[in-house]
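Read through the structure below, which is laid out as structure tokens, and then see the notes.
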Amino acid sequence: MYYLDHNATSPIRPEVRAAMLAAWDVGGNPSSVHAAGRASRAVVEKARVQVARLAHVPADNVIFTGGGTESLWLALNGAVHGALEVEARITRLFISAIEHDAVRANAHALAERAAGLRVETIPVRHDGVVDVDALRNMLRQGKGRALVAVMAANNETGVIQPIVEISAVAREFDALLLMDAVQAAGKLEMERSSPHVDYIALSAHKLGGPQGVGALALREGAPFAAQFLGGGQEMRRRSGTQNVPGIAGFGAAAELAVDNARLTALRDKFETGLKEIASDSVIFGRTAPRLANTSCFALPGITAETALMALDLDGVMVSSGSACSSGKVARSHVLDAMGVDEALSRCAMRVSLGWNSDEADIDACLAALKTLAARARARVAA
Ligand code: PLP
């Protein structure tokens, strides 16, 4: 089997599995005062430091959550409902056109429920980079405090966004900034961007940690409204007994870097091979800065739906340009925003590499694509 879908989920790393098994053996509730409770609490606090180091934020700013989606919801909801002073309240949500559905759907849901709250979409350029000048113009127009939501790197194309530049624009207009770092964390240095961001969303399963665990890094003083009340865990910001083994696994994963030079070499080998298979193949976002591990491409005339099934039969696992939870291949809003035409967009696929990817994965994927392309050519010729 050849797994090239790390942006969907990166398989558990051996060190993560070991950390989780050890945490299960600790037992105890992290809120209990006895020895077992204190030991369990120590597991959580160690992981908090590890995740904080990954995100370049103080450990006290990290809230463990049930994943990236929950973190994004907490940030959006906190910005809208958390401010105490009327003048600090958010009335405008600016979200980039390429945000994950966890941002898009939750932002729109909030706007439907909160009177006077508007969602506006920040356009991206053809290369998939958010248009910072357009954002500045949008912020300049209209009244009311804004929250800007831009991801650090896109899950479909891997295109890296200019967060430092965006944070300067946000500051100019006293806007809050939410950075979805779910795909970027562990692959991209966050040292420069993190200090300027109010909310950072993270997810463990994209970096070889367990599924269903995430974190929200909350800048001190950023508006926040707890959604789960009860035991007062996570400094009263997210009640409920913590998922201790999951959090331990997240911490372990946060400590492990991926080798970007190795992944770049593999990705480049893939893209060179792709061009040899079909000179008309298209690689989306190629001219922009991209994560080392991601390649979003199309073989014109071969739909992603057909390709995914054919590759799967050959044991090669990749995604369509837009991974869809229902298992159906939907049109990608990211490629739409980049101005890719509909027919080509339907052919978009994504190869995403990670800690255990190797040459054999690339060779198997290229071989499967070559067979597919030859079959398509034969069909056209017949
Ligand atoms: N944001 C981005 C950019 C993602 O790629 C994903 C997952 O695909 C999410 C958010 C949601 O994260 P989770 O699956 O942990 O809820």
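Going by the structure shown, is Val213 within 15 Å of the ligand (Cβ to nearest atom), under 27 Å from Glu15 (Cα atoms) and aliphatic (A, V, I, L, M)?
Yes.
With respect to Gly285, is the statement that it is out of contact with any Gly (no Cβ under 6 Å at 6 or more places or on another chain) and under 28 Å from Arg125 (Cα atoms) true?
no
Which is open to solvent by 60 Å² or more (accessible area, probe 1.4 Å) and under 30 Å from Glu70 (Cβ atoms), of Gly251, Gly221?
After applying the criteria, what remains is Gly221.
If you check Ala146, Ala134, Ala114, which single one turns out to be among the hydrophobic types (A, V, I, L, M, F, W, C), open to solvent by less than 60 Å² (accessible area, probe 1.4 Å), away from the ligand (no atom under 16 Å from the Cβ) and modelled with pLDDT under 95?
Ala114
Do we have any residue at all in region 39-53 that's of a type in the set (Asp, Glu), in the same structural domain as Ala185 (by TED's automatic domain parsing), under 29 Å from Gly354 (Cα atoms) and within 16 Å of the ligand (Cβ to nearest atom)?
no
Scanning region 248-297 for residues that are basic (Lys, Arg) and out of contact with any strand residue (DSSP E or B) (no Cβ under 7 Å at 6 or more places or on another chain), which turns out farthest from Ser319 (Cα to Cα)?
Arg262
List the helices (runs of 4 or more DSSP H) that sit entirely inside region 276-382 and contain at least 2 residues that are surrounded by fewer than 16 Cβ atoms within 10 Å (Cβ to Cβ) and outside the structural domain of Ile160 (by TED's automatic domain parsing).
So the answer is 304-313, 342-345, 359-381.
Are there any pairs, at least 6 apart or on different chains, whose C-beta atoms fall under 6 Å, with the first in region 174-185 and free of Cβ contacts under 8 Å to residues at least 60 places away in the same chain and assigned by TED's automatic domain parsing to the domain that holds Ala204 and the second within 16 Å of the ligand (Cβ to nearest atom) and of a type outside the set (Val, Ile, Thr), and if so, which?
Sorted first by the residue in region 174-185, then by its partner, the pairs are Met179/Ala152.
Among the residues of region 154-189, what is the count of those that are within 19 Å of Trp355 (Cβ to Cβ), β-branched (Val, Ile, Thr) and surrounded by fewer than 24 Cβ atoms within 10 Å (Cβ to Cβ)?
Number of matching residues: 0.
Listed residues Val26, Val80; which is under 21 Å from Gly249 (Cβ atoms), assigned by TED's automatic domain parsing to the domain that holds Arg118 and touching a helix residue (DSSP H, G or I) at 6+ places or on another chain (Cβ under 8 Å)?
None of the others qualify; the one that does is Val26.
Output the number of residues of region 194-210 satisfying the condition of being surrounded by 24 or more Cβ atoms within 10 Å (Cβ to Cβ), within 17 Å of Ser96 (Cβ to Cβ) and either more than 9 Å from the ligand (Cβ to nearest atom) or more than 15 Å from the chain's Cα centre (by Cα) (or both).
Matching residues across region 194-210 total 4.
The values are calculated or read from the model by the stated rules, or taken from the named source; none is laboratory data. Predicted, not measured: the structure shown is a model, and the values here were computed from it. Every residue, glycine among them, receives a Cβ derived from its backbone with ideal geometry; neighbour counts consider all protein chains shown. Each accessible area value is taken on the protein alone, full model and side chains, heavy atoms only, with ligands, DNA and RNA left out. Shrake-Rupley method; radii C 1.70, N 1.55, O 1.52, S 1.80 Å.
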